[in-house]
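These notes are about the structure you will find just below.
A short reminder: the numbers here are calculations on the coordinates, not readings from a lab. Since the structure is predicted, the reported quantities are computational estimates derived from the model, not experimental observations. Cβ coordinates were reconstructed from backbone atoms using ideal geometry, including for glycine residues, and neighbour counts include every protein chain displayed.
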Amino acid sequence: MQRSLRAFVLLILAGTITSLMASTSAIGLAAANGSFQVNAQEARGTATLFDGSVIETGKAASQIRLNNGAQVRLAADSRAKVYESRIVLEKGSGQLESSSAYPIESRTLRVFSTEPNTVARVLLGDQGKVLVATLHGSVRVTNGAGLAVANVTSGLSMAFDPQVGAATPAKLAGCVYERDAKDFIFDAATKTAHGLSGSGLSKQVGKNVELTGVEDPATHLISVNTWKELANRQCGKFAAMAKEAGVEAAAKTIGVAGGAAAGAAAGAAGAAAGVSVATTVAVVGGVAAATTVGGLAAAGSFGGSSSPTPTSR
């Protein structure tokens, strides 16, 4: 009896030690040509990272390389919490340099690459705004519920305001199409498709419209309240291909057809962040999104960081 009890205790201890060792396993390295901080402790050159490590840069940028292949740079004067599955940007700006679906999270938004060799930047703007620019490849931006609110492709930048809230009416502009007996709109500004509900939608298929509606938080379907037809000759072709081959094929073959006319509400996301924005603002999933002019192409200093090598701090 005593032997069995002793063996049982030893098993528990062994499991506890194994769990503690796993929880303190290194997940990667950070490096900078200068000093930076990890968990409020000064580091120079390189530092070992663990799950939940907080990195804060000073005058020099820092490069992060994780064991899972993810690579992220933090600009000077930035702060982020690093996990094995994601990085949470708390201050400044970060640059995603990974072909894996490793996301940068910030202010309830999640940004992750959807193509190999993607390079994208995320910047925390003023008044709760988030700016995203893709230098190469493509990224998807989702809200806290995982709903896609934008696809930002190479050379484009967008400003997001995740504070408008779910109570704000959805506002989209683009081509209406039908697929598998369901109605959708492909928003031209955010390059995302969203399901629609309501009467009379079949008459709008193949047309470029600007609509407002109420989003169902459970199904994410937008119950259309109002719509206004806009001029665009490509929407008919877009809708036909989207119905037969899918919206991604239509977007690649025909391009992004449709969009809102000039004069729509502007600046809800970008103006307060200190950048120029286009006149079209989309609102979906409680997030306002607007195309920016200039964006993040030169935002933050990402140069001067060295490649991490296996040395301890």
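Would you list ARG44, ARG121 from fewest to most Cβ contacts within 10 Å?
Going from sparsest to densest Cβ surroundings: ARG44, ARG121.
Hey, got the Cα dimensions of the stretch 26-161 along the principal axes, in Å, largest first?
Computed over the Cα atoms, the extents are 38, 32, 27 Å.
Pull up the cross-link candidates among the lysines for LYS228, meaning alpha carbon to alpha carbon under 27 Å and not fewer than 8 places away within one chain.
LYS171, LYS182, LYS191, LYS203, LYS207, LYS237, LYS243, LYS252
Let's test this: bin the Cα-Cα distances of the stretch 170-254 at 5 Å from zero up to the farthest pair and state each bin's percent.
For the stretch 170-254, the pair-distance distribution reads 3, 16, 31, 27, 17, 6, 1.
Check the straight Cα-Cα distances from LYS91 and name the aspartates and glutamates below 17 Å, setting aside those fewer than 8 residues away within the same chain.
GLU56, ASP77, GLU105, ASP126, ASP161
Can you tell me the order of 237-248, 221-232 when each peptide is scored by its average per-residue count of other Cβ atoms within 10 angstrom, highest first?
Packing proxy ranking, top to bottom: 237-248, 221-232.
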